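Written below as structure tokens is the structure these notes are about.
The values are calculated or read from the model by the stated rules, or taken from the named source; none is laboratory data. Since the structure is predicted, the reported quantities are computational estimates derived from the model, not experimental observations. As a convention, Cβ positions derive from the backbone with ideal geometry for all residues, glycine included, and neighbour counts pool all protein chains shown.
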Amino acid sequence: MSAHVFIAAASCFVNLVIKESDNNVKLIVLDRLDTLRSKHGHILDGLIMDVLQVLSRCECSSSNVTTITKFYYISAEMEVRRKAMSIVLSMTSTRNVEEVVLFLKTQLQRTQEREFEKVCVTSRTLAYQINAYCNRHRSTGNF
């Protein structure tokens, strides 16, 4: 099969994750995307910035729900973020690491404007990922 078929499939997966509101569906689709990425190597690396858009689209819009439901929603949302970050880490190379770190720094700055209960976990996760990218690609340059 042609590489274009796999790129088109991965692009559809990414669009579905971005547009879907159910976090369980997002996790399933991200698993499929990760499987596709693992089987077909670096063919999909060009979609890394699209996968990163999943991070900016994760929002907790549950303002009138109970605390327990809100906690579950935020936990599921964080799991989607972790899965997306795992896929992005595996797709990152010396060619795109600076672009990825810049995007993550922007996301980290945006966490300061969000709800308090999400800020700590999101900030910690993003800071950890930025550190992981920088350690993995030390020779790329200054961030």
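Only residues that are buried (at least 20 other Cβ atoms within 10 Å of the Cβ), modelled with pLDDT of 90 or more and within 16 Å of L89 (Cα to Cα) were counted across segment 11-46, and they come to 4. Every condition in (1) surrounded by fewer than 16 Cβ atoms within 10 Å (Cβ to Cβ); (2) farther than 23 Å from R95 by Cα; (3) at pLDDT 90 or above holds for I68 except the one numbered (3).
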